[in-house]
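Below is one structure; the comments refer to it alone.
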Amino acid sequence: MSPLDGIENFLRSLVASFLNALEFFLKAFAFIFDPTNWAGDAGIGARLLAHLGITVLSILIAIVLAVPLGLLIGHTGRGRSAVIAITGAARALPTFGVLILFVLIGINFGAGLSLTPVIAVLAVLAVPPLLAGAYSGVEAVDRETVDSARAIGMTEWQILTRVELPLALPLLIGGLRSATLQVIATATIAAYVAQGGLGRYLIEGIQLRDYTRAVVGAILVAALALIVDGVLAVVQKLVAPRGVSRGATRTTSSTGMTARRPTRSPDATRTPVTEG
Amino acid sequence: MTWLWNNLGLILGLTADHARLSGIPILVGFAASIPLGWFASRSRVARAILLTGFGILYTIPSLALFVVLPVILGTKILDETNVVVALTIYAIAMMLRGTIDAFGSVSGDVLESARAQGFSSVSRFWTVQFPLAGPVLLANLRVVSVSTVSLLSVAALIGSGGLGYLFTNGYQQYFLDEIVIGIVFTVLLALVFDTVLVIVGRILMPWNRPKVVRTSALRTPQRDWVGA
């Protein structure tokens, strides 16, 4: 066989696999844009709503748990190392395993295959990034600004709510972005153990070897994650108080100091989370 | 506990799989992020394109990427390549910003003096900029390492998740011990990887001992919040 034949065969297989991929995506998009697939209890509409509902509920629970604590830690500077240790250790935990563990424990306690253990796990998983966003946001506020507020007679409560919280918002929303992406992704794998959510398409597709169905799930979940993250990115820009632009916060590139402490960079908590 | 002893062979085999399937993406991701990060630290356009592109890829939930990759790569769905490629993409996405910061953190004065001493740009990179960026690169690599080890278990849903097999199998058998053992071994493997990285860092960067301890993976909670 001459080298030219080799190249030809390679190009042929390349074109073939490209067409194959195109076919799957076209079939998947045809499925998604078919209105009949949106209706019903197991339709795209219901599953999308379930996915969003599970995500919003878990995030709200996590916000109630994490944000006040994070603000307090940022304000007082106490408990910082504990938070860092917890967020670091939490990263090593395999979410998939923890999810199944909670669900099985839920079954043992008679909860059946309900969503309660799933939402509990998702809320717990959302706590570390929210906590980190809240405390690092407050901590990143210039100490001179806080001292000035104190000097003009503000109480600690006023300092926290009127000075530190507004200035911390961009980083806090950054934490919210990480947490939300993580929850959306983990809610996807939760479809393995619970009904509902867009992950069902992926799980069904894998179990039934219906590849188009799996690709449908992948497209929908990816689109949901990208849209929600995009919306939160806009919110993150909008909540920055006027005068606190990205340039005004310390940036990382020139000094070298901050590179090791990326909490100070404006979008340090931004990097989204992937999962499930 | 008896289950652990009776199935030790299976568990160790899965641990070895897990180490291989997560170790390759960690190493390949690190190697790929160096030229990409160097390139992005020199060009604003490249920086914007690379960070946005990998940011978008990183936003895609892993199970979705695991499932879509075989279509794009032309591989079989049960092929390990899909998982390795997906985790490598995530590893690069996690490393990239930190790598750019790391190269940017090397003082311009130092680089100028190296140039004045007659270093070519290639040798200046490998003998001056890269070693000086080392501690920050290591801190990032440790975060990537821990995250990749825990993320791999999701791939059990498509048949190649290393220790993640214990989660799907344990769920099917309603067997709590198996899942707990899976979690423990995953965390232990992450710890082993982390320890290896710290030791390698100390050997390669003997001047940096106190800093390596200070910038441990546990102390950089801010970015790349990855679980699962």
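The values are calculated or read from the model by the stated rules, or taken from the named source; none is laboratory data. As the structure is a computational prediction, the values presented were derived from the model and not from experiment. FYI the Cβ positions are ideal-geometry reconstructions off the backbone, even for glycines, and counts take in every protein chain you see.
List of remarks:
- Of the residues contained in region B:135-149, one or more are found to be under 28 Å from B:Ile11 (Cβ atoms), within 9 Å of chain A (Cβ to nearest Cβ) and of a type in the set (Gly, Ala, Ser).
- Where helices (runs of 4 or more DSSP H) fall entirely within region B:1-114, those with at least 2 residues that are modelled with pLDDT of 85 or more are at B:8-42, B:44-59, B:62-73, B:80-104.
- Some residue of region B:189-207 being modelled with pLDDT under 90, outside any helix (DSSP H, G or I) and crowded, with 17+ Cβ neighbours inside 10 Å: yes
- Selection within region B:58-80 - crowded, with 16+ Cβ neighbours inside 10 Å, more than 8 Å from chain A (Cβ to nearest Cβ) and closer than 21 Å to B:Val149 by Cα: B:Phe66, B:Leu69, B:Asp79, B:Glu80
- Filtering region B:38-57 to residues that are touching a Leu at 6+ places or on another chain (Cβ under 9 Å) and away from chain A (no Cβ under 12 Å) leaves B:Phe39, B:Ala46, B:Leu50.
- Some residue of region A:78-88 being more than 26 Å from B:Met94 (Cα to Cα) and not small (Gly, Ala, Ser): yes
Results for (1) over 30 Å from A:Ile61 (Cβ atoms); (2) surrounded by fewer than 19 Cβ atoms within 10 Å (Cβ to Cβ), shown as yes or no for each residue.
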| position | (1), (2) |
| --- | --- |
| A:Gly133 | no, no |
| A:Glu139 | no, no |
| A:Asp147 | yes, yes |
| A:Met154 | yes, yes |
| A:Arg162 | no, yes |
| A:Leu167 | no, no |
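- Residue satisfying all of: in region B:165-182; hydrophobic (A, V, I, L, M, F, W, C) and surrounded by fewer than 23 Cβ atoms within 10 Å (Cβ to Cβ); farthest from A:Phe102 (Cα to Cα) among these: B:Ile181
- Yes/no for B:Arg47 being buried (at least 17 other Cβ atoms within 10 Å of the Cβ), within 26 Å of B:Val128 (Cβ to Cβ) and among the charged types (D, E, K, R): yes
- Residue in region B:175-188 that is facing another protein chain (nearest Cβ under 10 Å), closer than 30 Å to B:Leu21 by Cβ and assigned to a loop (DSSP other than H, G, I, E, B) present: yes
- Qualifying residue in region A:83-92 (condition: modelled with pLDDT of 85 or more and closer than 30 Å to B:Thr168 by Cβ): yes
Matching residues to (1) more than 13 Å from chain B (Cβ to nearest Cβ); (2) of a type outside the set (Phe, Trp, Tyr); (3) surrounded by 16 or more Cβ atoms within 10 Å (Cβ to Cβ); (4) touching a helix residue (DSSP H, G or I) at 6+ places or on another chain (Cβ under 7 Å):
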site: A:Leu4; (1), (2), (3), (4): yes, yes, no, no
site: A:Leu14; (1), (2), (3), (4): no, yes, no, no
site: A:Leu22; (1), (2), (3), (4): no, yes, no, no
site: A:Asp34; (1), (2), (3), (4): yes, yes, no, no
site: A:Ile54; (1), (2), (3), (4): yes, yes, yes, yes
site: A:Ile59; (1), (2), (3), (4): yes, yes, yes, yes
site: A:Val67; (1), (2), (3), (4): yes, yes, yes, yes
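- Total residues in region A:188-210 satisfying the condition of being modelled with pLDDT of 85 or more and over 14 Å from A:Ser114 (Cα atoms): the figure is 13.
- Residue among A:Gly53, A:Gly40 that is farther than 21 Å from A:Leu171 by Cβ and outside any helix (DSSP H, G or I): A:Gly40
- Criterion (polar (S, T, N, Q) and more than 30 Å from A:Val146 (Cα to Cα)) met by exactly one of A:Thr55, A:Thr76: A:Thr55
- Condition met for A:Arg209 (within 11 Å of chain B (Cβ to nearest Cβ), basic (Lys, Arg) and in a loop (DSSP other than H, G, I, E, B)): yes
- Selection of region B:93-121 for residues being charged (D, E, K, R), within 12 Å of chain A (Cβ to nearest Cβ) and farther than 15 Å from B:Ser33 by Cβ yields only B:Asp109.
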